[in-house]
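Participant: The following block contains the structure, expressed as structure tokens.
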């Protein structure tokens, strides 16, 4: 995680917009993504970070998140990135166990979109030789 993204998390925590345990959870998830080789920076993961911290804080505070109707464009995008959806579901399971926050299906979908974008950004930043190694 770069300094700018760490600063985003610190600012959300300092001004009370997110609970400390949520900021810690999201920081750990971002660290895990970075350890897997994802490029986790303000540019690539800033929106993911804010969205996830705010959604989880609402749920921890017992504020319901209203689901959105199914969107065919979102469904198509998620179908093209099943690994991102799997990762989003795993993250949602950890949030349920560690924070007691039950992410609704629509939020899991949005999280999947953010994770797919992160994977795409990471792939675009890799030199050709690294991409060839990952594909083999």
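Since every read-out is calculated from the coordinates, none of them should be taken as a lab result. Note that this is a predicted model, so its numbers are computed, not measured.
Participant: If I fit a long axis through the Cα atoms of helix 20-35 and take the longest principal axis of the Cα atoms of the chain, what angle between them do I get, 0 to 90°, rounded to 10?
Facilitator: Tilt of helix 20-35: around 10 degrees.
Participant: Relative to the first principal axis of the alpha-carbon coordinates of the chain, what is the inclination of helix 82-99, with its axis defined by its Cα atoms, in degrees from 0 to 90 and to the nearest 10?
Facilitator: 30
Participant: Angle, helix 105-125 long axis vs. longest principal axis of the chain, Cα atoms, 0 to 90°, nearest 10?
Facilitator: With both axes taken from Cα atoms, the answer is about 40 degrees.
Participant: Stokes-Einstein D for the range 3-108 at 37 °C, 0.692 mPa s, Kirkwood Rh over Cα pairs, in µm²/s?
Facilitator: The diffusion coefficient I find is 227 µm²/s.
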